[in-house]
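Here the structure is laid out as C-alpha cells; the discussion comes afterwards.
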C-alpha cells in the first residue's frame, strides 16, 4: 500500500514543485507536505479511525495493551525501532526511535494513547466507533474535503490525533525525500488521563533510552482563534478538601439556628477571605514566590490574539474576573472552588444546620510557586483564622475539644513548569514552526492547565516545549469529543516542518 | 368499655383523695388525674397506637380521610360535637366542642393529625406500625410502667401525641367529675406538615365556629432538660434561593480559572457579607425592626434552664455561635445556609468552574420583623453589591448583559408571633399550668422554630400560647420518630390541669 501511494502522487508533487518555484515562498518542504496530505487524506483518516476504534481507558488493561500493540506495529511499519517501557501495574510507554546520527541533536515527542473514561449515555454514538460529520452529512455522506468536518470519538482530540499527525508527518517527509534535521524519538504514554501515576518512575528507570536534548509535549488545543501555538510551560496544580463540622446530626435551623455553628457558613467565610470575586488570592504572602515575567514572555503575551470577546459571547459571560485578558490571567496563580458538599441533596432542603461541609478547591500555580509552599501558606492562614487542623475525620471528643476545627486533605500536586523563551533552543523551535505557520504562530508562556511537563524537566534537566494541535472546542474529557479535520491536516504540516527544519547550535 | 374503666378505678381514686387530704398539696385535681393515668395506661396506649397505625401524610388523601374519620369518632365517643371544616383540595380540619356555657371563656386547643413524609428504608420498623420499646425489650416484652419507654411511629411526637393527651385529659376530668373551668374547643389540622397551605382560608371561612378567647398550640417539644414549658411565640421564617451564574458550560479550571467567574465563590462572598460565623446578620438595617424584649420576657429568659453544656456534649459542638445561651440566641433573628448546590456530584470533582450555583438560605424572624421587610432589605443589599436580580432563569443574552446577576426565588414566609406574657390571660394560663408543674415550668418567650400561630393571632386578634409536650429528642421529621411515655403521661396531666384550673377575668 505504501508503494502504490508513492506512485500515484508523483505527478501532483511535480506540479507543486513547479508552483513553488514560481512563487519562491512558501518553501518546498511545506508544499511537498501539503501535497502529500491532499493526496493521502483517505489513508491518514483510515489509520486514525482504526486507532480510535480501540477502547483506551487506562484501567481497561486488555484494551490498553491492544492500543500499545497497534501503536508498535504502526511505528515499526515506518522503520522505527520500538521499545515498551514497563513498570509493574502500568500500561507500557511505547518508545520509538530511528537509529541515531550522533552529529545531530535528539528531540523526543510526547503524546498519550489513553483517553478519559466515557459515559456512553451522553454520546451521540459509540465513543469507539469513530464517525466523520461534515456539513454534507454524517458517516458515508460526510465530505472528507471539508476542513470544517469533524471526526467524533474518544481521544479524537486528546490525544490520539497528535500520534497520527506525528506519524503522517514522518510519512510526508519520507515521501518527499526530506530527511529530518534532528534525531527523532517518540514517547507515547498510556495512562496520562489517569494522572500519570507511573511516569516519574518510568523516566527514572530508563535514563539511557530516554536521552534527549529537547522534549516536545504534543497534547492540548491550538489557540481559541484557530491559530497554531507553542506553549512554553504549564501552571502547576494542587487540590485541597476542607471539611468543617457542625452538630453531629443535622439540626432544625429554627430551634438551633444561630446557636449551633453552621459548617457551610464557616467555609463560605474562609473562602471569602482566601479569594475575591476578581480572582485575586488574598492568602497572606501567596504571591510572594511568583517571579516576574521575562521580557520575552511579556512580548509574547502582547502578541497573543485577544479572544476574550469571542469567548465571552460564546460562554455567556457578563464579566470576567480580574483586569487582564484570558492570556494574562492564566499567567497568574488561581484558586478555584469546584464544589461545596454538605446539607444533603434532593429537591427540598430541610432548613437544617448541616453536620459537616466540604469545600473542594484547586489551586493553579505559576513559577516559582510549589505545592509545598502553597500547602504551608494555606495551613498557616487557616491556623491564623483560629482553626485546629486534622488530617483525618475527627472524633466526637476532638469536635468538642476544638472550637474551630477543619479536616484538611491535600491531593497530589504538580509544580508549575516554564521553559525560557529566550534561549537558543526555544528560538530555533519557534523559527522551525514559523516556516510552516508564518507569523500566525502564537507563543504562550504558560498553558492555563496543568501537565506533567515538569517531570521531564526535573528528571532530565532539558527544555520542554508544548506543541498542541487540537481545536479548542474538541469536547476534551467530555462526551462527543472530536477533532476538526483542518486541525488534523495543519498538525501534520506543522510537525513535518519541525522535523525537517529544527536546527540549533 | 368506658363504663368498666370508671368502675375499676373507683377504689384507687378514693385512696388518692385520702392521701391528698393528708398532705393538702398537691391539689386534688392532680392526684385524681395521676390516678386515672396510672389505672388506664393500657387503654390510653391502645387508643394512641390505633391512631398512629393510620398512615397520615397530607398528600395521601384516602388515608388522611381515614384519620379524620377516626378522630371524629374518638371525639364523638366523648360527647363532643364534631364539625369537619373543609375547603377544596384540603384535608378537613376536625373541629370539636362541648355545648358552650356563655358565662365562661372559650379556649381552643390546636394540634395536627398529619405527619411528615417517611423514607421507610431509614426506619427500624414500619413507621405506621407503632412499636413500644423499653429497657426490658421491644413490643410484647416492653414495660409500659417504664417512664423512659418510647413508642416509635410517625407522628408519635409530632403531633398525634398532643391529640391523645388532650382526649385522655378530658377522660381524666370526666372520671374525676371535675368540670372544665372554660369552654373547650379542639381544632385538629390535617396538613400542617405540608405547610398549612389552606389554614388561612379555613380560619377566614368559619369565623363563628372558631370563636375563641384564646388559642393554645399543642405542638413541639418540652424543654431539653425535660421540664414542661409554655411558649409565647415563634420565630417567623422566609426561605431564599440565590443562584449565581458562571460560564454556560462547566470550564476547565486550569485553562479558564481566574478569568471565567466562579459562581460558588460569588455566593461564598455574598454569604460572608450577610452573616458572621457568630450568627450575627450583617445585612444593613436588618436588625432595625427588632423590638426590645419586655421586662417579663427578660425575666422569663433568666429563669430558663441552661441546657447549653448538656447539648454541646450531646452534639459534639466545640463552640456555639454568638455570645448567648441557646434560649437567648433564638430570641434573635437567624440566617441559616442549608446547602450550596452546583459543581455536580459524585466522588471526584473535575476541577471545573461550575456553570451555576444555588445557595439555599432560610431566615428566622423575631418581632417586629416581617417577611416583606426582610425581602426588601436583602434585595437592597444584593443590589448595592452590584447585582441585577432576576426572578426566573436568565437567558444567555441576560447573562451576557449583566456583569453581576442573581436569580432570586423567595419561598412562602411566616411572620414571627409573640404573645405578651404580662397580660392577665397569659398570667392565668401560667398559673393554671403551675398547679400541675410547680416551679419547674419553663416560660419561653419565643420558640426557635416557626409555626402558623401568627395566623390565629392575625385572623382573630386573640392571644396564642404554645403548650408543647413531646420529648425534645423525638426525631421529629426524621426516621424513628418517637414519644417517651413520661412525656405522654405528663402531657395528659398538664392538659387536665389547664382544663380544670384556667380562669381569668
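The numbers here are math on the coordinates, done by the rules we state, and not lab data. From a predicted model like this one, the values you see are computed outputs, not experimental measurements. Glycine also receives a Cβ, built like all others from the backbone with ideal geometry; neighbour counts cover every protein chain displayed.
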When you look at residue B:414, is it within 14 Å of chain A (Cβ to nearest Cβ) and in contact with a helix residue (DSSP H, G or I) (Cβ under 8 Å, 6 or more places away or on another chain), yes or no?
yes
Specify the residue that is nearest to residue B:41 (Cα to Cα); the eligible residues are those in region B:100-135 that are without any contact (Cβ under 8 Å) to a residue 24 or more places away in the chain and loosely packed, with under 12 Cβ neighbours inside 10 Å.
B:135
Could you please find all residues in region A:435-453 being assigned to a loop (DSSP other than H, G, I, E, B) and either without any contact (Cβ under 8 Å) to a residue 12 or more places away in the chain or within 14 Å of chain B (Cβ to nearest Cβ) (or both)?
A:446, A:448, A:449, A:450, A:451, A:452
Considering residues that are farther than 18 Å from residue B:272 by Cβ and touching a helix residue (DSSP H, G or I) at 6+ places or on another chain (Cβ under 7 Å), the number found within region B:355-373 is 2
Enumeration of residues in region B:454-489 that are part of a helix (DSSP H, G or I), closer than 22 Å to residue B:223 by Cβ and touching a strand residue (DSSP E or B) at 6+ places or on another chain (Cβ under 9 Å)
B:485, B:487, B:488
Within region A:294-308, can one find any residue that is crowded, with 18+ Cβ neighbours inside 10 Å, facing another protein chain (nearest Cβ under 9 Å) and under 24 Å from the mean Cα position of the chain (by Cα)?
yes
Members of region B:247-276 that are in a loop (DSSP other than H, G, I, E, B), within 8 Å of another protein chain (Cβ to nearest Cβ), in contact (Cβ under 8 Å) with a residue 12 or more places away in the chain and more than 21 Å from residue A:263 (Cα to Cα):
B:247, B:248, B:249, B:253, B:254, B:256, B:257, B:260, B:261
Hey, could you check region B:39-75 for residues that are part of a helix (DSSP H, G or I) and without any contact (Cβ under 8 Å) to a residue 12 or more places away in the chain and say which is farthest from residue B:127 (Cα to Cα)?
B:73
With the condition kept exactly as written, say whether any residue in region A:417-434 is outside any loop (DSSP other than H, G, I, E, B), in contact with a helix residue (DSSP H, G or I) (Cβ under 8 Å, 6 or more places away or on another chain) and under 30 Å from residue A:130 (Cβ atoms).
yes
Scope region B:182-192; condition in a strand (DSSP E or B) and more than 18 Å from residue B:160 (Cα to Cα); matching residues
B:183, B:184
Within region B:210-221, identify whether any single residue is surrounded by fewer than 19 Cβ atoms within 10 Å (Cβ to Cβ), in contact with a strand residue (DSSP E or B) (Cβ under 9 Å, 6 or more places away or on another chain) and closer than 19 Å to residue B:166 by Cα, and answer yes or no.
yes
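Residues in region B:284-293 that are surrounded by fewer than 19 Cβ atoms within 10 Å (Cβ to Cβ) and within 14 Å of another protein chain (Cβ to nearest Cβ): how many?
Residues that pass the stated criteria total 2.
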Output the number of residues of region A:126-147 satisfying the condition of being in contact with a strand residue (DSSP E or B) (Cβ under 7 Å, 6 or more places away or on another chain) and outside any loop (DSSP other than H, G, I, E, B).
5
Of all residues in region A:332-373, which are over 18 Å from residue A:269 (Cα atoms) and more than 10 Å from chain B (Cβ to nearest Cβ)?
A:347, A:365, A:366, A:367, A:368, A:369, A:370, A:371, A:372, A:373
Restricting the search to region B:222-239, which residues are buried (at least 23 other Cβ atoms within 10 Å of the Cβ), in a strand (DSSP E or B) and within 14 Å of chain A (Cβ to nearest Cβ)?
B:229, B:231, B:233, B:234, B:236, B:237, B:238
How many residues are surrounded by fewer than 23 Cβ atoms within 10 Å (Cβ to Cβ) and not in a helix (DSSP H, G or I) if we restrict to region A:150-181?
5
